[in-house]
Amino acid sequence: MKLWGGRFQKQTDAMVDDFHSSISFDWRLYRQDIAGSIAHATMLGEQGIIPQEDAQAICQGLKGILSDIEAGKVDFEIDAEDIHMNIEKLLTERIGQAGKRLHTGRSRNDQVALDMRMYCKDSIRQAVFELKKLCQCILDTAAQHLETIMPGYTHLQKAQPITLGHHLMAYFEMFKRDITRLQDCYDRVDVMPLGAGALAGTTYDLNRERVAQLLGFSAITANSLDAVSDRDFCIEFASCVSIGMMHLSRFCEELVLWSSNEFQFVEMDDGFSTGSSIMPQKKNPDVAELIRGKSGRVFGDLMALLTAMKGIPLAYNKDMQEDKENFFDARDTYIKCLQVFCGMFSTLRFNTDRMHAGAGGGFTNATDAADYLVKKGLPFREAHEVIGKIVFYCIEKGRAISELTLEEFRSFSPLFGEDVFEAVSLLTCVRERKVSGGPAPQSVKAHIDAARAWLDSL
Ligand code: ARG
């Protein structure tokens, strides 16, 4: 007999039982569901809506069910449809009549909204925890590479010299925004929907604020229809996670490039690389590739959520049960990727000689050579042209700008002096970029100090 079987004359078709049941994936909401029910029952007892003894029996019973589930002693039933009805059924089997009073003034519609919000809050806390670990790791590594010169790129063409510390701190900023984005999202998730009932609230004198307080919510929902039909908090979480995956994916792409024989900027640890079944020499950056690949899967979760929600009328519709698998998948994938990425990143070996050599080729100091002439009084556009000619000359001769003789420099402009060699050295190029946010060691150091203070304040 179904919990809702009263008005039915026939059994549910076995195919439908299987089709609409969500217990195979929503079982993981059991902690939230039990905590929500304990708070609801406590409030019902306090308000005198159900007898205090029954409220106590319900809370005791639910705690027993929780420990049984955690001990692996519970087999959920497909017939009981979802986690909410499975637990209610277990409760009634356990404590009898009192269990049947739990659902007073509540619907599965506000119940599932509550569970998902609680689960989402928890997911945000876990994601932020992993992001903080990663940020810490990036800060520590960046601090060791304030003077590690490497080429900076635009269009994947060598552009200007930067440092590894500066490059890594760019990712720190992205991950910092990912943290604050999730924190902003948290505020909108942190709203308690119980009391909305199926859609139109309830006639019982519920104390919604009390339930919110018991469950650690900061506010209660303001409209019962919205409370049960809103899943934009799931979509917002999936958006935050998608952006986070996009950042991880870009970083992974760089590590794939950097670990190639052509770059040789990094060497991945054996523990985070894999081999080939046919080519004995291979050491592949599979972990980075897989994270890059999984970003597509998480974007898919976001699209699926948006699409499921876009055409459904108010209030609850069963379509909304489809929120869960995508939400869970986005959450699980992101948290796992953050953990694995952190392990991979913290075991990287940076080949700083190769990076320095890479910064030396490709005329990355051409802008600085032009700026040198500007400081000697030439308008920038003219300086640009002079250096362009020098670059062309160097390409023909197969030399770097810093390898020209003073006479050669002077054949392009009389403004060149002995100090040009110092001005176009890579270290000078970097050290002189001491604008705040720039690659100069002192600028990156200031950034790292501020970043540490921010991280510690979280
Ligand atoms: N398992 C359902 C879900 O996840 C719970 C809400 C069911 N409500 C209903 N009216 N059928 O959406």
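Throughout, read-outs are computed from the coordinates displayed, never taken from laboratory work. Just so we're clear, the structure is a prediction, and the values are computed from it rather than from any experiment. All Cβ positions, even for glycine, are placed from backbone atoms using ideal geometry, and neighbour counts span all protein chains on display.
In terms of its C-alpha gyration tensor, the range 339-436 has a prolate overall shape, because the principal axis ratio a/c (a ≥ b ≥ c, square roots of the eigenvalues) is not below 1.5 and a/b outweighs b/c.
Considering only Leu302, Cys240, Phe265, and ranking their Cα positions along the charge dipole of the range 159-310 that arises from unit charges at the beta-carbon of Lys, Arg, Asp and Glu, the one farthest toward the positive end is Leu302. Apply the a/c threshold of 1.5 to the C-alpha gyration tensor of the range 14-104 and tell me whether it is rounded, prolate or oblate. Because a/c hits 1.5 or more and a/b exceeds b/c, the range 14-104 counts as prolate. The angle between the Cα long axis of helix 52-70 and the longest principal axis of the Cα atoms of the chain comes to about 50 degrees, rounded to the nearest 10. How far is the Cα center of the range 1-38 from the Cα center of the range 114-152, in Å? Result: 38 Å between the Cα centres. Ordering Phe341, Phe392 from the fewest to the most neighbouring beta carbons within 10 Å gives Phe392, Phe341. In the chain, taking the dipole from charged Cβ atoms about the Cα centre, the farthest positive-side position among Ala446, Tyr372, Ile401 is held by Tyr372. Dipole magnitude for the range 358-442: about 220 debye, using +1 per Lys or Arg Cβ and -1 per Asp or Glu Cβ, origin at the Cα centre.
Each Cα pair under 8 Å and six or more residues apart adds its sequence gap; the mean of these over the residue count of the chain is a relative contact order of 16 percent. To the nearest ten degrees, helix 323-346 and the longest principal axis of the Cα atoms of the chain are 40 degrees apart. Each residue of the range 101-108 is assigned a 3J(HN,Hα), and the resulting list reads 8, 4, 7, 4, x, 9, 10, 5 Hz, derived from the Karplus form 6.51 cos²θ - 1.76 cosθ + 1.60 (θ = phi - 60°), x at Gly and Pro. Each residue of the chain gets 201 Å³ once the volume of the Cα convex hull is shared out per residue.
Rounded to the nearest 20 debye, the dipole magnitude of the range 14-104 is 360 debye, with +1 charges on Lys and Arg beta carbons, -1 on Asp and Glu beta carbons, and the Cα centre as origin. Looking at the range 35-92, the trypsin sites (Lys or Arg not before Pro) that sit in a DSSP loop and have at most 11 other Cβ atoms within 10 Å of their own Cβ are Lys73. Close amide H partners of Ile220, meaning residues 5 or more places away or on another chain with modelled amide H under 5 Å apart, are Met192. Only one residue of Ala98, Ala127, Leu182 has its Cα farthest out toward the positive end of the dipole of the range 75-222, where Lys and Arg carry +1 and Asp and Glu -1 on Cβ, and that residue is Leu182. Peptides 142-148, 379-385 ranked from most to least packed give 142-148, 379-385, packing being the mean of other C-beta atoms within 10 angstrom over each peptide's residues.
The Cα center of the range 387-444 and the Cα center of the range 306-354 differ in position by 46 Å.
Please give the charge dipole size of the range 323-392, origin at the Cα centre, charges +1 on K and R Cβ atoms and -1 on D and E Cβ atoms. Round to the nearest 20 debye. Mind dumping the intermediate values first?
Working: 9 positive and 9 negative charges, 54 e Å.
Here the size comes out at about 260 debye.
Mind giving me the FRET efficiency for Ser67 and Asp205? R0 is 35 Å, r the Cβ-Cβ distance, nearest 0.05 is fine. Please report the intermediate quantities before stating the final value.
On the way: r = 32 Å, r/R0 = 0.93.
Rounded to the nearest 0.05, the efficiency is 0.60.
Calculated [222 nm] ellipticity per residue, helices only, for the chain: -20000 deg cm²/dmol; basis is -39500 (n - 2.57) per DSSP H run with n ≥ 4, divided by all residues, nearest 500.
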